[in-house]
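The values are calculated or read from the model by the stated rules, or taken from the named source; none is laboratory data. Remember, predicted model here, so these are calculated numbers, not experimental data. Here the Cβ is made from the backbone with ideal geometry for all residues, glycine too, and neighbour counts use every protein chain on show. Note: accessible area is taken over every heavy atom of the protein model, side chains too, but ligands, DNA and RNA are not part of it. Shrake-Rupley method; radii C 1.70, N 1.55, O 1.52, S 1.80 Å.
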Amino acid sequence: MNLVFLQMQLISNKKREHPGGVLWEPSDFEHHRLRQVKFYRFRMRQGDVALAGLLLARAPLLQTMSFFRGFVHNPPNWITQYVEAYHDWSTGQQSAITRRLEACNTFGARLEFRS
C-alpha cells in the first residue's frame, strides 16, 4: 500500500495575502492517496484554516492532520531540524481550530496539536 504524507510549513507574507482571505477555485477533485498531513508554523490565520479545511473535505482516506506551532529550520549545512514553539497550544486554541474545521472534516480525520 502506498501511504502519502504531506508536510508543509506555512509562511505568511502580508503583502501577498488577499484582503478577503484565500480564494479557491471550485473543484470536486479528491485526494485519494493522502493519509497524513502535517502543518508546521500553523497560526490559525484565515488562509491556514481554509487550506486545512480544503484538505479535510477532499481527502476521503485522510487519517491524521497534525498542527505544529513550531517550525522546520534549514541551517546552512542543510540538516533539517524541527524547532519547537516556546509554548504549547492552549485548550481554547485547540477548541477554536476544531470548531472551525468541524464542518469540513467530512471523513472524520483525527486532529492532533503539537508544540
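Summary of computed values
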quantity	calculated
Average accessible area per residue (Å²) across the range 35-87 - probe 1.4 Å, nucleic acids and ligands excluded	51
Net lengthening on full extension, ASN74/ASP88 (0.36 nm per residue, minus Cα-Cα)	2.8 nm
Distance (nanometres) between label positions extended 7 Å along Cα→Cβ at GLU102 and MET44	1.5
Gained length - ARG33 relative to SER66, 0.36 nm times residue gap less alpha-carbon distance	10.2 nm
